[in-house]
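Enquirer: Shown below is the structure under consideration.
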Amino acid sequence: MSDFMQDKQGDVLVDYTFGPVVSASGVDFRLWAPLAKCVSLVIDGRGPQEMERSEDGWHHCFVAGARSGTRYRFVLPDGPEVPDPASRHQPEDVHGPSEVVDPSSFDWSVADWAGRPWEESVIYELHVGSFTAEGTFRAAIERLAHLADTGVTAIQIMPVSDFPGRYNWGYDGVLPYAPDSSYGRPEDFMALVDAAHQRGISVFLDVVYNHFGPDGNYLPNYAPLFTEHHKTPWGNGINYDGEGSKAVREFVIQNAIYWIKEFRLDGLRLDAVHAIKDDSEEHLLHELARRVRKAAGNRHVHLIVENEDNDSDLLARDEKGRPRSFTAQWNDDVHHVLHIAATGETFGYYQDYADDDGRIGRALAEGFVFQGEHMPYRGESRGKPSAGLPPTAFISFIQNHDQIGNRALGDRMITYRPVDAIKAVTAVYLLLPQIPMLFMGEEWGAREPFPYFCDFDEELNEKVKNGRREELSRLPGFDADDLLDPTARSTFNMSKLDWSQLESGDAAEMLGFYKSLLNLRQTRIVPLLKGVGGGGASFRHDGRLTLVGWTLAAGGRLQLLANLSDEHAALPAPLTGERFFLLGSANESTVAPWSVCASIGTAQE
């Protein structure tokens, strides 16, 4: 029997999924290894058992009596024992044996969860290992009540796919189906999702389909995983369009569906999609999005991209205003313009956004600053037109793991800028009709840094340290003596949130500020976002003032006025509509430094 079939839409279907399938009588093991003439199976340390090979490179073996908890490895022709690339659990890390897991055995308490509409999203990015002192899925459950009380409606978890070592940001994963064992078992991750749904919180997962980590990826030894036809920052691209690519594509697409169906996640954030190269008739990204949405049925499932190219085509809507492929994109442009306004920093990639305060208005109103224009520092054109997209096609933020971790010391803005400036840019991004995203601890002004960290072997650790030193040496004021060792346990430990700080007066005051803004967002802005279209925004920059307006659903008109500077600014004309928020002070003629004012009226005002 052929391992691949076609459905009515031409989608590739596999007679069996990647990874073991558990039944009452045993376990069906399988491995796609077309470059291996023979493969054996080792179970619980017993002698190898030869697997049956089909013509298209699948090796399979049914073992009666095997069950959930059985540990196994595959033995390649030249002798090495390797884990299952679709392993569900690696109790002894990426080089150890895989463990059979039956996901259907988890007892879900929220059986009828259908997700939340996208316009209600207030996203909270977190790293499981740093979110709590324990650094586990189960420990994170204890903090969900805090998030719900703050006004968070969705958590976005940094990648959890099994990585080598004891700690990692997650972007060095090599076993995409297995949640890293340092965080707990797969059932623990399911428990976190279930607990979040009990509190009305959606769960998104960051996934990486543009590369594999440098240690523990055995797939290239027996399958055509990579291609020389495409290059990425990590080396040869993943083979999504060459010989043998059908199974590689299926491995990744099934992984995306696996997270949505088996773990009941509410969406995925795809890392750096600009580095996913594919010349197929239907790009992997579009096929993945189409099939994930089909698998999700009537549930609210949202797909997010990180896309350095600002390709607005990925965010296109159909005639009913629904995403054709992807729901939204992380909007780095909003971050960059607000960061420059709050800090005055113009080094590195900020240079292209400096010396033009009007870019703040364009980012807030239209999403992208660069929509095909030439970027002097980058030295090339970037982006496609985005003004026609709804504002909810963009996710705005003033901090995330990258923007903090890209700094030499991983320091947060709260440690080097006055609170007035931080509150002003916070008010702007939380009251935008774009979807806001907080970074863990931001809501109370957490001061713990979030530097890059990883834990490889001695040789790779040295390469990482040298690479970080070279990369960060380009930043002004960098001192090699101050460089945090990304491979040291102490670097990871310093990134952990100190929840006891919530008891301090400053933390309580900042948390109250965030809660009040998110409450205003939920009551005043979210009702105007359902079904909102694009092309209804306008902006102008006048001296130090930025004024942006959006025509939203039901004819509502949201206006935001901001003075993101240390000087008073003249107000050429008063805001129209009902003022529902004021930070700082503003009268009929002047606006004080770091002041933000929001009002809602009608499109005719």
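Enquirer: Does the range 91-145 hold any residues that are in contact with a Lys or Arg (Cβ under 6 Å, 6 or more places away or on another chain) and surrounded by 15 or more Cβ atoms within 10 Å (Cβ to Cβ), and which are they?
Expert: Pro97, Glu99, Val101, Gly115, Glu119, Ser130, Leu144
Enquirer: So, one more: Out of the residues in the range 558-599 that are in contact with an Asp or Glu (Cβ under 7 Å, 6 or more places away or on another chain) and modelled with pLDDT of 95 or more, which is surrounded by the most Cβ atoms within 10 Å (Cβ to Cβ)?
Expert: That would be Trp594.
Enquirer: Could you give every pair whose Cβ atoms fall below 6 Å, whose first residue belongs to the range 112-140 and is at positive phi, and whose second residue is surrounded by fewer than 23 Cβ atoms within 10 Å (Cβ to Cβ), counting only separations of at least 6 or pairs across chains?
Expert: Gly115/Arg299; Gly115/His300
Enquirer: Output the number of the condition that Thr491 fails; it satisfies all remaining conditions of (1) among the hydroxyl-bearing types (Ser, Thr, Tyr); (2) at pLDDT 95 or above; (3) over 26 Å from the mean Cα position of the chain (by Cα).
Expert: Result: Thr491 fails condition (3) only.
Enquirer: Looking at Ile435, Ile398, can you tell me which residue is more than 23 Å from Ser130 (Cα to Cα), in contact with a Ser or Thr (Cβ under 8 Å, 6 or more places away or on another chain) and crowded, with 20+ Cβ neighbours inside 10 Å?
Expert: Values: Ile398 fails: more than 23 Å from Ser130 (Cα to Cα).
Every option except Ile435 fails the conditions.
Enquirer: For the list (1) surrounded by fewer than 21 Cβ atoms within 10 Å (Cβ to Cβ); (2) closer than 27 Å to Asn331 by Cβ, I need the number of the one condition that Gly297 fails.
Expert: Status for Gly297: all satisfied but (2).
Enquirer: Let me ask another. Please note which helices (runs of 4 or more DSSP H) are completely contained in the range 407-513 and include at least 1 residues that are free of Cβ contacts under 8 Å to residues at least 24 places away in the same chain and β-branched (Val, Ile, Thr). Step through it out loud before you land on a result.
Expert: Numbers: elements: 419-430, 458-472, 489-494.
Correct list: 458-472.
Enquirer: Within the range 256-272, how many residues turn out to be surrounded by fewer than 22 Cβ atoms within 10 Å (Cβ to Cβ) and farther than 20 Å from Leu126 by Cβ?
Expert: Residues that pass the stated criteria total 4.
Enquirer: Would you be able to tell me the number of residues in the range 14-48 that are surrounded by fewer than 17 Cβ atoms within 10 Å (Cβ to Cβ), assigned to a loop (DSSP other than H, G, I, E, B) and aliphatic (A, V, I, L, M)?
Expert: Here the count works out to 2.
Enquirer: May I ask you to list the residues in the range 535-555 that are buried (at least 20 other Cβ atoms within 10 Å of the Cβ) and within 20 Å of Ser121 (Cα to Cα)?
Expert: Trp550, Leu552
Enquirer: Let me ask another. Looking at Phe74, is it under 24 Å from Val252 (Cβ atoms), among the hydrophobic types (A, V, I, L, M, F, W, C) and at pLDDT 95 or above? Break it down stepwise before answering.
Expert: On the way: under 24 Å from Val252 (Cβ atoms): yes; among the hydrophobic types (A, V, I, L, M, F, W, C): yes; at pLDDT 95 or above: yes.
The answer is yes for Phe74.
Enquirer: Here are the criteria: (1) closer than 30 Å to Ile435 by Cβ; (2) surrounded by 12 or more Cβ atoms within 10 Å (Cβ to Cβ). Tell me which single one Thr523 does not satisfy.
Expert: (2)
Enquirer: Additional query: So, in the range 209-238, of the ones that are under 20 Å from the mean Cα position of the chain (by Cα) and surrounded by fewer than 22 Cβ atoms within 10 Å (Cβ to Cβ), which residue ends up modelled with the highest pLDDT?
Expert: Asn210
Enquirer: Follow-up question, since we're still on this one. Those residues that are assigned to a loop (DSSP other than H, G, I, E, B) and touching a residue at least 40 places away in the same chain (Cβ under 8 Å), I need them from the range 199-214; list them, please. So that I can check it myself, show each step before the final result.
Expert: Quick first cut of the range 199-214, residues assigned to a loop (DSSP other than H, G, I, E, B) only: 199-201, 208-214.
Residues satisfying the conditions are Arg199, Gly200, Ile201, Val208, Tyr209, Asn210, His211, Gly213, Pro214.
Enquirer: For the range 243-357, list the helices (runs of 4 or more DSSP H) that sit wholly inside it and hold at least 3 residues that are under 30 Å from Gly543 (Cβ atoms); which are they? Walk me through it before giving the result.
Expert: Values: elements: 245-261, 284-296, 332-343.
Counting at least 3 such residues, we get 332-343.
The values are calculated or read from the model by the stated rules, or taken from the named source; none is laboratory data. Model, not experiment: these values are computed from the prediction. Quick reminder, even Gly has a Cβ in these numbers, built from the backbone with ideal geometry, and neighbours come from all protein chains shown.
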